[in-house]
Amino acid sequence: MALLVAPVLPMAPLLSGPHLDVGAGNGSPGLVLALLRPELEVTLLEPRRRRWAFLREAARAAGRPDVRVLAQRHDAWAGPPSPSVSLRALRLPSEELVGLVAPGGRLWVLGEPPAPHPELRPEPGPAGVHVFRRL
């Protein structure tokens, strides 16, 4: 549990909403952030049906039925770019990620950072989290 929650704790006060979590899987960091920041509007994208069902029920049981849990991939996202986007342990091309982040917004990556992209500038972040600001 500490592995899923501890790296997210220092991120929580730094986020601006709404927040989009790509490949939400086990709920970290997206669902954890939603529970730490009840005022934050959070959308979780998870294409795998079993994990999607788990996340939907976990959000409801934790008192956050307002968290949007969508059974879809990042490349099917039809919403607007978000000021805050996170992903954990996904190796997605930076070209696919940049369009999810609103200009001036931040991409929070737990795990391997994406390849450099001219519109994503690295910034200092909490330990274990790669942060990029979209130009």
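What follows draws every value from the coordinates through simple rules; no lab data is involved. The shown structure was predicted, so the numbers you read here are calculated from the model rather than taken from an experiment. Methodologically, a virtual Cβ is constructed for each residue, glycine included, from the backbone with ideal geometry; neighbour enumeration extends over all protein chains shown.
Counting only DSSP beta bridges with both residues in segment 13-135, tell me the antiparallel percent, nearest 5. Here the antiparallel bridges make up roughly 35 percent for segment 13-135. Assuming charge only on the beta carbon of Lys and Arg (+1) and of Asp and Glu (-1), the dipole of segment 1-107 about its Cα centre is about 360 debye to the nearest 20.
Only one item in (1) 13.5, 38; (2) 13.5, 41; (3) 15.0, 47 matches Rg and Dmax of the Cα atoms in Å derived from the coordinates shown, and that item is (2). Sorted ascending by nearby beta carbons within 10 Å, beginning with the fewest, E112, E41 become E112, E41. Could you pull out which residues in segment 50-90 have an amide N less than 11 Å from a spot 7 Å beyond the Cα of E112, following the Cα-Cβ vector? It comes to 89-90, nothing else. The long axis of helix 49-61 is offset from the longest Cα principal axis of the chain by roughly 70 degrees.
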